[in-house]
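Visitor: Below is the structure I would like to discuss, written out as structure tokens.
The values are calculated or read from the model by the stated rules, or taken from the named source; none is laboratory data. The structure presented is a predicted model; accordingly, all values stated were derived computationally and were not measured. Counting neighbours? That spans all protein chains shown, and the Cβs are built from the backbone with ideal geometry, glycine included. Surface areas here come from the heavy atoms of the whole protein model, side chains and all, with no ligands, DNA or RNA. Shrake-Rupley method; radii C 1.70, N 1.55, O 1.52, S 1.80 Å.
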Amino acid sequence: MSNECRMGKKTGGEKDGLPRRRAFLGGVAAATAAGALLNPKQLFGETSIPSIRIPKAVTESLAAPPRRADFSGGGMTGAQVFANLCKDEDLAALFCAAGNYYIINEIAQVGIPCYGGRTEGGMCAAADGFTRATGEVAACSGTEGPGFTHMIMNIATAHFSNSPVLVLASNQSIQQEDNWKRIQFMYQQPTTEGIKKYGKRITAPNRVYEYGAYAFRNLKSGVPDVVHLDFPIDVATERFQDPSKLGCFFSKERYRSESRACPGSKELQQAIDMINKAERPVLIAGHGIYVRKAWDALMQAAEKHEMVVVGSGPVRGHFPDDHRLSGSMSNGALMSADLVVFVGQYQMPSAGEWTLPPGVKTIRVHPVQEDLGRNWPVDLGIVGDEKVFMEALANGLPPRKRDSWVDEVAADRQKREQANLELNEKFLKYSRDTNSLHPFVLCKEVHDFLYKGDIDPKQTVTGWGGNMIGFGSMRWLRANRPGQEIPVVYQFGPMGPDLAMMLGAGVAVQRGVGPQAAYKGAPVVVVTGDAGMGFSLLELDTFAKYKVPVICIVYNNDAWGTFPFALSMNTPRALHMYLFQESIRYDRMAEELGARGEYVRTPEELRAALRRSYDAAAKQNFSTLINCQGIKEFNVDKLYPPGLSFAPEPGVGAVSH
């Protein structure tokens, strides 16, 4: 990698009065009385530092031929039995940090795409990002004890997003139970209670295949969610030379079904009649529409009958924001809806949380009967698969025009867009006055670059998280096709997995999996904050290792976004806990991990950096971190009114439900 390509063009640095830390420390040493400090040579040494490079062994390992174990010769280990099952179930990917060796090594050996990163937590987030970008099952893995517990935040994040993530962890020998022999033994399953659909500590080696089948039956049936298996070493290493020694050893066609719940003809006709009689119907297209890939049937029904549609969930785009029937930015108009149809809405809001009229007539379609009526009272509850229902609805609805309703929604959308532009002008003045990027202005620039310039507005998958920068992202990022936008903070509000999660999404785009097929090889973009860098910055090394290009836009305001709590509570002695060192150069850290770095303060500098970064990503597979310098005071409403807040829900920017 050439220095020019790796470093990128700098718009900050020494000429901005921000010397490199090495030069700064060297200057301090030279200016100090002799002997009081080490001189620069002593402080840093004179060792020659080699350039970063991807080891040849990585390329050779990825090119090694797959090999599937069988019962011949010495037979198969429990780990090999499980790996074969994963291959037969078309497990789409495994993300891990080295650990749980028997399981991850055999999964890689059978030819399942595997990715090794820097932390178990980051790789759990990557698996979640992959499932969100594709709708497919992905696995993550960690070693027993410390590795497993490092994944907990992101296991919970996947659970609240209904992501079909298979969590795999090793465990010490069953012989160590109760005697604390050696280290790391723990009971894992109680730790994931409440944040999984199914889990099992496998203690009988001959049931390893059976419980693998349990896992995939839960992952691929009903409402998706996390499944957690842990493998004591006794199970992973047990050998089998005869399939009869394994319990329930039969193919996936016999241990699970692809059959889906079909809505009853009576209930379906009731739904058609209610929708046809409504003047202002709204269909909330939940995550189930995406999971079941029902977006074509949804589009057919909406256009045939002119229903307004709002997409919701932990991944957006299954109904495009730029479609004339989209209500995703028309929350004022939604308040005049006379019928709401929830389809595949796994995380139901309570009445009053969303911009929908109190007491509005409601239909809800859900694959699980006992969830109907939860949180939100329904006039008609239908048990049914989302895709089956939408196909039946598209066939059964008569053609209809609702010009006044469509015009009302369009006018409200235009009103909100104009309000955003007016806010941007105010915040742009703040940026000019402070020579610092306001988060709202930053995200407007990203919006214009991705959706208003030369790039196909349907191309780039984006993800976003963080506090201050999150408030800007939720107002400006869009989803114009399935799987295009990932609001990392959906429902659980995790801190820091944003960059790591987009590794999984980036892998999905590079491989062209599922809805990413048409844009195979395109870069991905993540917008995050400086606080999040403490959690997943090192995964830039993983992006580089696997040549997955990301543009990571970091809003750097030198503080936790929640620092105003120290001010509003009149606790001045608490303020220091919310603050970081000022002017930390995340762009330079990125360069030392094999990525490009850019430093910007103004909209013009950001615009130019985005062009260079996208070009480097698209043409050379280089990742870039753009360090966008802001100030924490932008988050104080009294200093820079009107401040930022959550977007109205449902629709663009929604993070709850």
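Visitor: Quick one: which residues, 5 or more positions from Ala479 or on another chain, have an amide H under 5 Å from its amide H? H modelled 1.01 Å from N in the peptide plane, none for Pro or chain starts.
Guide: Under 5 Å from the amide H of Ala479: Asp321.
Visitor: Suppose the chain between Lys638 and Ala517 were pulled fully straight at 0.36 nm per residue; how much longer would it get relative to their current alpha carbon spacing?
Guide: Using 0.36 nm per residue and subtracting the Cα-Cα distance, I get 38.8 nm.
Visitor: Report the local net charge at Tyr187: Lys and Arg +1, Asp and Glu -1, summed over other residues whose C-beta lies under 13 Å from its C-beta.
Guide: -3
Visitor: Given a Förster distance of 35 angstrom, what is the FRET efficiency for Gln184 paired with Ile584, based on the Cβ-Cβ distance and rounded to 0.05?
Guide: For Gln184 and Ile584, the calculated efficiency is 0.55.
Visitor: Straight-line reach from Lys220: which lysines fall under 23 Å, measuring Cα to Cα and dropping same-chain residues less than 8 apart?
Guide: Straight-line reach from Lys220, under 23 Å: Lys87, Lys196, Lys197, Lys200, Lys252, Lys293, Lys387.
Visitor: Roughly how many nanometres apart are two label points built 7 Å out from the Cα toward the Cβ at Thr434 and Arg573?
Guide: It works out to 2.9 nm between the two label points.
Visitor: Expressed in nm to one decimal, what extension gain is obtained for the pair Lys547 and Asn375 from 0.36 nm per residue of sequence separation less their Cα-Cα distance?
Guide: That works out to 57.4 nm of additional length.
Visitor: How high is the relative contact order of region 267-397? Use alpha-carbon pairs under 8 Å, at least six apart in sequence, and give a whole percent.
Guide: 30
Visitor: Only bridges whose two residues both fall in region 261-400 count here: according to DSSP, what percent of them are antiparallel, nearest 5?
Guide: 0
Visitor: I would also like to ask the following. Can you tell me the relative contact order of the chain? Whole percent, Cα pairs under 8 Å, sequence separation 6 or more.
Guide: Relative contact order of the chain: 14 percent.
Visitor: Next up: Would you mind getting me the FRET efficiency between Arg260 and Glu425? Use the beta-carbon distance for r and R0 = 45 Å, nearest 0.05.
Guide: 0.35
Visitor: With both bridge residues required to lie in region 532-650, what share of the DSSP beta bridges run antiparallel, to the nearest 5%?
Guide: Given both bridge residues lie in region 532-650, the antiparallel proportion sits at roughly 10 percent.
Visitor: By the scheme Lys and Arg +1, Asp and Glu -1, what is the net charge of all other residues having a beta-carbon under 11 Å from that of Asn162?
Guide: 0
Visitor: Another question about this same structure. Give the calculated FRET efficiency between Ile455 and Asp407 to the nearest 0.05, with a Förster radius of 30 Å applied to their Cβ-Cβ distance.
Guide: 0.50
Visitor: Positive end of the dipole of region 337-471, charges at C-beta (+1 Lys, Arg; -1 Asp, Glu), about the Cα centre: which of Gln459, Ser404, Gly381 has its Cα farthest in that direction?
Guide: Checked the options; the winner is Ser404.
Visitor: What is the magnitude of the charge dipole of the chain about its Cα centre, with +1 placed on the Cβ of each Lys and Arg, -1 on the Cβ of each Asp and Glu, and no other charges, expressed in debye to the nearest 20?
Guide: It works out to roughly 900 debye.
Visitor: Let me ask something else. Which far-off residues, 5 or more places away or on another chain, put their amide H under 5 Å from the one on Val308, with H placed in the peptide plane?
Guide: Hits under the 5 Å cutoff: Leu283.
Visitor: Also, I was wondering about something else. Subtracting the Cα-Cα distance from 0.36 nm times the residue separation, let me have the gained length for Glu417 to Asp242 in nm, one decimal.
Guide: Answer, rounded to one decimal: 56.4 nm.
Visitor: Relative contact order of region 64-161: what whole-number percent is it, with Cα pairs under 8 angstrom and at least 6 residues apart?
Guide: About 28 percent, as a whole number.
Visitor: To continue, here is another question. For the chain, which whole-number percentage of the solvent-accessible area (1.4 Å probe, protein heavy atoms only) is attributable to carbon and sulfur atoms?
Guide: Its accessible area is 52 percent carbon and sulfur atoms.
Visitor: Another one. Computed from these coordinates, which is Cα extents along the principal axes in Å: [x] 103, 64, 46; [y] 91, 72, 50; [z] 94, 74, 45?
Guide: [y]
Visitor: DSSP beta bridges in the chain, what fraction antiparallel, as a percent rounded to 5?
Guide: Taking every DSSP beta bridge within the chain, about 5 percent pair in antiparallel fashion.
Visitor: While we're here: If a paramagnetic tag sat 7 Å from the Cα of Leu62 along the Cα-Cβ line, which residues of region 528-564 would have the backbone N under 14 Å from that point?
Guide: Of the residues in region 528-564, 541-550 have backbone N under 14 Å from the label point off Leu62.
Visitor: For the chain, what does the accessible surface come to per residue with a 1.4 Å probe? Please give it in Å².
Guide: The answer is 41 Å² per residue.
Visitor: Tell me the net charge near Met76. Cut-off is 14 Å between Cβ atoms, Met76 excluded, with +1 for each Lys or Arg and -1 for each Asp or Glu.
Guide: 0
Visitor: So, one more: Of all GluC sites (Glu not before Pro) in region 194-263, which ones are in loop regions per DSSP and have a Cβ with at most 12 other Cβ atoms within 10 Å?
Guide: Answer by residue number: Glu258.
Visitor: Right, something else. So for the chain, taking the charge dipole from beta-carbon charges (+1 Lys/Arg, -1 Asp/Glu), which of Pro320, Gly352, Cys114 sits furthest toward the positive end?
Guide: In the chain, that residue is Cys114.
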